[in-house]
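Participant: Pasting a structure below so you can have a look.
The values are calculated or read from the model by the stated rules, or taken from the named source; none is laboratory data. Predicted, not measured: the structure shown is a model, and the values here were computed from it. For neighbour counting, all protein chains shown are included, and Cβ atoms are generated from backbone atoms with ideal geometry for every residue, glycine included. Remember, those area values only see protein heavy atoms, side chains included, never the ligands or the DNA or RNA. Shrake-Rupley method; radii C 1.70, N 1.55, O 1.52, S 1.80 Å.
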Amino acid sequence: MKVVDVVCPFCGCLCDDLVVEVCDEKVVKVENGCTLASEKFLGDHRLQSPILREGFGWREIGYEEAISVAADILLAADLPLLYGWSGTHGEAQSVGVHLAEVLGGVIDNTSTVCHGPSILAIQEVGHPGCTLGQVKNRADVVVYWGANAIEAHPRHMSRYTTFTQGFFVKDAHLARTVIVVDTRRTETAEIADEFVQVEAGYDYEILSALRAIVRGREDVISGAVGGVAKTQLIRVAEICKRAKFGAIFFGLGLTMSAGKHKNIRNAIELVEELNRHTKWTISPMRGHWNVYGSNEVFTWISGYPFAVDFSRGIAFYNPGETTSVDILRRGECDACLVVGSDPGAHLPRACAAHLAKIPTIQLDPHVNATTHLATLQIPVAVSGIDAEGTAYRMDGVPIRVQKLVETKFPDDTEVLSAIYRRVREVKGQ
Amino acid sequence: MRVTLVARPRAKPSLPVEAESIIPQNFLRGTDLTVYEGNKERRLEELFFITVEGPAVSPDQVEVVLMGATGRVKRVGEYMNAGRIVIEGDIGMHCGNFMSGGEIVIKSNADAWLGREMRGGRITCMGSTSHNCGAGYRGEKRGMRGGTIEIFGGAGDFAGEYLAGGEVRIHGSCGDMAGIEMRGGLLVIGGTVTRPCGNMTAGTAVVLGHVNRMLPTFQYQGVNDEVWDGKRLKMDVWEGDVANRGKGRLLVAVGK
Ligand code: SF4
């Protein structure tokens, strides 16, 4: 059976035009998706039942026992950390926030290691953003800053920018000017009309210089800034000022290099300056398919998009203090629940070492690096393949991901709801 | 009145303790106070051995002395308006948040957000401090507004971020972006600093040591003779941040 208009649950583009062939409750073919999408739909190394660490080995257990063990671990903790959430659907994220509140724990999503700094900058100066549809139909100048779209978001350019036509941009490949700012000549840089090669860690300086040039103060700028000649900076500023509609997309090259949220703030303020001349917008290239959703869901419920600390019964937020990397590095939490992420592979070594020291529970369909640090793993259905739910695209548009095949596995929402019910029962609520 | 709090050994010493109740004015009503250890509310005496000596009728007559392992105790001195707190060892984050009067002396190191959005009074730290000293809360438009913070060691990144008033003096070196978004007040750095004062709109920053990576959007104004700490110094004067139409002053000792 062929299913059309399937949403890809891999990266923040959430492409919704895939055609997937299903045979005997298994995905056998994927059309329209990129290589990453095919790997996600066709990969199949699922953990078959919950496993509990015993001594140096694992014991297979049933779901009921797994849920009761998970609830006991979380209830016994003085500061449980609930981490991940970007690889699951909104409904599960919502149960996660309620669980964190009833436990008096900290809930944090993977923004903490990707676009958390973007959120901090937006909280300082706002977000002149737009949907990807606006970019597709209007943008004649597109900037990729510290983002290698071709490799990380392979269909971004073909669906929204240089390789696709828009309502007001007919001959897209010729009509759109692409500027790439990066520390190395990436594949994306190869197809740029203007490649600005920045010395690593000098993005803040370049952005400040561009802001000054755009407002007519190039007189203060010296001959080169951060490895970029002043003449090129002036040229880039001119291209930007002449644009009918410009869009900056930025990635972790900007959020996670020296200066962090101040880089993003500077980029937003450059956009603000450009908006005195023409129309410009700026958007983060979100990585996980539903990381934006985790920010949305956390915010609806708690008022804060990530790093929410409920330990005193009310929501407190202070990245740098209540963020997972900081909590784990300082060894503050005494239990951890991981959902829809693989911190064993992605977080710094000191954090992984602490996860191995404390009881760590993981909800994940596959054996991954975190499994080796965990005390308990509960396999779940994969959202977008054998579970449905709501996700948010990188521009904040909510999209429903489908259930394509029947499964024996419960989804994240079901397992989390069972843990939540058990926790409330023990607490007598 | 002198209140001595000696930290008791804890089963989980890494768990953070939130102790905004530790301010001089609270001890006028006794020591029946609570703090949070992780997600558990505890009585102060569960976490500290408490000794009280002598009387007091107003907060300025109260001195609180903290001893033992207090490096994970946060928010000590928050909203303090008078009196004195002496910390014999390290202290956790947010010490002296929003403080408006009195004095805090830290004999060792202080963690991040020391004197966050402080309005008055004085904080002296004999050791070093971490990031965001004298800064604002996330998304706030103003950091410290009054009072004095003096650090005899160094500071981490974003020292004096959003500084709007008062004085931050760091005798040692700072990390990245000290004085970023400054809009008033005085920031003095004795050692080295990297990329100071980005986006500043007003206020004065003085660097007596060396500046790594001066931002490209500061306009050079020439050399001035200035007196700092009783010493006559030749200083390069910069104005900025031009990217932000700023009119802040950044003074850097010549030849450092
Ligand atoms: S670009 Fe992203 S969302 Fe689109 S098919 Fe590839 S991995 Fe999936």
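Participant: Go through the residues of segment B:21-31 one by one and say whether even a single one is more than 27 Å from the chain's Cα centre (by Cα), more than 14 Å from every other protein chain (Cβ to nearest Cβ) and open to solvent by 50 Å² or more (accessible area, probe 1.4 Å).
Facilitator: Yes, segment B:21-31 contains a residue that is more than 27 Å from the chain's Cα centre (by Cα), more than 14 Å from every other protein chain (Cβ to nearest Cβ) and open to solvent by 50 Å² or more (accessible area, probe 1.4 Å).
Participant: Which one of A:PRO343, A:PRO359, A:PRO410, A:PRO365 is touching a Cys at 6+ places or on another chain (Cβ under 8 Å), of a type outside the set (A, V, I, L, M, F, W, C), within 23 Å of A:GLY293 (Cα to Cα) and at pLDDT 95 or above?
Facilitator: A:PRO343
Participant: While we're here: From the list A:GLY253, A:GLY216, A:GLY246, pick out the single residue that is more than 10 Å from chain B (Cβ to nearest Cβ) and assigned to a strand (DSSP E or B). Step through it out loud before you land on a result.
Facilitator: Numbers: A:GLY253 fails: assigned to a strand (DSSP E or B); A:GLY216 fails: assigned to a strand (DSSP E or B).
The conditions single out A:GLY246.
Participant: Still on this model: Tell me, yes or no, whether segment A:167-181 has at least one residue that is of a type in the set (Val, Ile, Thr) and within 14 Å of another protein chain (Cβ to nearest Cβ).
Facilitator: Checking segment A:167-181: not a single residue is of a type in the set (Val, Ile, Thr) and within 14 Å of another protein chain (Cβ to nearest Cβ).
Participant: Follow-up. Report yes if some residue within segment B:208-227 is in the same structural domain as B:ASN244 (by TED's automatic domain parsing), open to solvent by less than 10 Å² (accessible area, probe 1.4 Å) and of a type in the set (Asp, Glu); otherwise report no.
Facilitator: no
Participant: Can you tell me which condition A:PRO379 does not meet? The list is (1) modelled with pLDDT of 95 or more; (2) more than 24 Å from A:VAL113 (Cβ to Cβ); (3) surrounded by fewer than 16 Cβ atoms within 10 Å (Cβ to Cβ), and all the others hold.
Facilitator: So A:PRO379 meets the others, but not (3).
Participant: Within the bounds of segment A:305-317, is there any residue that is over 15 Å from the mean Cα position of the chain (by Cα), farther than 30 Å from B:GLU41 by Cβ and without any contact (Cβ under 8 Å) to a residue 12 or more places away in the chain?
Facilitator: No.
Participant: Based on this model, can you work out whether A:PRO50 counts as in contact (Cβ under 8 Å) with a residue 60 or more places away in the chain, within 14 Å of chain B (Cβ to nearest Cβ), in contact with a strand residue (DSSP E or B) (Cβ under 6 Å, 6 or more places away or on another chain) and away from the ligand (no atom under 16 Å from the Cβ)?
Facilitator: no
Participant: Of the residues that make up segment B:230-240, is at least one in contact (Cβ under 8 Å) with a residue 40 or more places away in the chain and crowded, with 23+ Cβ neighbours inside 10 Å?
Facilitator: Of all residues in segment B:230-240, those in contact (Cβ under 8 Å) with a residue 40 or more places away in the chain come to B:240.
Now narrow it down to the ones that are crowded, with 23+ Cβ neighbours inside 10 Å: B:240.
Yes, some residue in segment B:230-240 is in contact (Cβ under 8 Å) with a residue 40 or more places away in the chain and crowded, with 23+ Cβ neighbours inside 10 Å.
Residue by residue, here is whether (1) among the aliphatic types (A, V, I, L, M); (2) at pLDDT 95 or above holds:
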{"site": "A:LYS40", "(1), (2)": "no, no"}
{"site": "A:TYR63", "(1), (2)": "no, yes"}
{"site": "A:ALA70", "(1), (2)": "yes, yes"}
{"site": "A:PRO80", "(1), (2)": "no, yes"}
{"site": "A:THR88", "(1), (2)": "no, yes"}
{"site": "A:GLU101", "(1), (2)": "no, yes"}
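Participant: Check off (1) over 21 Å from A:HIS127 (Cβ atoms); (2) in a helix (DSSP H, G or I) for A:VAL271 and give me the number that stays unchecked.
Facilitator: With respect to (1) over 21 Å from A:HIS127 (Cβ atoms); (2) in a helix (DSSP H, G or I), A:VAL271 is out only on (1).
Participant: Return the only residue of A:GLU25, A:GLU31, A:GLU91, A:GLU65 being more than 14 Å from chain B (Cβ to nearest Cβ), within 16 Å of the ligand (Cβ to nearest atom), open to solvent by 20 Å² or more (accessible area, probe 1.4 Å) and touching a residue at least 12 places away in the same chain (Cβ under 8 Å).
Facilitator: Sole residue among the options that is more than 14 Å from chain B (Cβ to nearest Cβ), within 16 Å of the ligand (Cβ to nearest atom), open to solvent by 20 Å² or more (accessible area, probe 1.4 Å) and touching a residue at least 12 places away in the same chain (Cβ under 8 Å): A:GLU31.
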